[in-house]
Amino acid sequence: MGEYELLNERQQEQADDLAELAVEFGKFDQTTGANGAHYAPASANPFKAQGLMCSNCVFYDELGGCQIVSGVIEPEAVCKLWIIPETTILEAEAQAARSLDMAKRKLKLHVL
């Protein structure tokens, strides 16, 4: 799995459990049904700025898939099964804050 070693103990246990379920019963589908991951495409992901997206999840496969969710997975999409290291989330939030600060500075320069 992706950045498994960066997960806290709870997240590691969760990742192990989800991986075992996917092996035993097959991958989750993308629906909101009982076997679904509640997958939301990138265009519907309100959490991108906080780093909560598939490409940051330990299950994400860079070839456009997921180890536990079936189908094509967009890098900036999100689902309820994501497991993202806290450091990745903090880095994404800091980057979003820097981008917002830069945009504000540019706006002020154009107003003056």
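The values are calculated or read from the model by the stated rules, or taken from the named source; none is laboratory data. Note that the coordinates shown come from a computational prediction; the quantities given were computed from them, not determined experimentally. Here Cβ is always computed from backbone atoms with ideal geometry, including for glycine, and neighbour counts include all displayed protein chains.
Evaluated against (1) in contact with a Cys (Cβ under 6 Å, 6 or more places away or on another chain); (2) of a type in the set (Ser, Thr, Tyr); (3) closer than 21 Å to TYR4 by Cα, TYR39 falls short on exactly one condition, (3). Counting just the residues of region 27-51 that are touching a residue at least 40 places away in the same chain (Cβ under 8 Å) and part of a loop (DSSP other than H, G, I, E, B), which one comes out farthest from ALA77 (Cα to Cα)? My answer is LYS27.
Take the residues of region 13-26 that are assigned to a helix (DSSP H, G or I) and of a type in the set (Gly, Ala, Ser): which is surrounded by the fewest Cβ atoms within 10 Å (Cβ to Cβ)? Outline the logic, then answer.
As a first pass, look at region 13-26 and keep what is assigned to a helix (DSSP H, G or I): 13-25.
From what's left, of a type in the set (Gly, Ala, Ser): 15, 19, 22.
Details: ALA15: 21, ALA19: 16, ALA22: 18.
Top of the filtered list is ALA19.
Say we look at region 39-53 and pick out the residues that are modelled with pLDDT under 95 and touching a strand residue (DSSP E or B) at 6+ places or on another chain (Cβ under 7 Å); which of these is farthest from ASP17 (Cα to Cα)?
Narrowing region 39-53 to residues modelled with pLDDT under 95: 46-53.
Remaining after also requiring touching a strand residue (DSSP E or B) at 6+ places or on another chain (Cβ under 7 Å): 47, 52-53.
Values: PHE47: 24, LEU52: 20, MET53: 20 Å.
Of everything passing the filter in region 39-53, PHE47 is farthest from ASP17 (Cα to Cα).
Scan LYS27, LYS48 and give me the residue that is within 26 Å of ASP101 (Cα to Cα) and either touching a Leu at 6+ places or on another chain (Cβ under 6 Å) or basic (Lys, Arg) (or both). Step through it out loud before you land on a result.
Details: LYS27 fails: within 26 Å of ASP101 (Cα to Cα).
After applying the criteria, what remains is LYS48.
Only residues that are farther than 29 Å from GLU24 by Cβ, more than 10 Å from the chain's Cα centre (by Cα) and buried (at least 16 other Cβ atoms within 10 Å of the Cβ): list them for region 42-96, please. Hit for region 42-96 is ALA92, nothing else. The residue that is nearest to ASP17 (Cα to Cα), among those in region 61-82 that are at pLDDT 95 or above and not in a loop (DSSP other than H, G, I, E, B), is VAL69.
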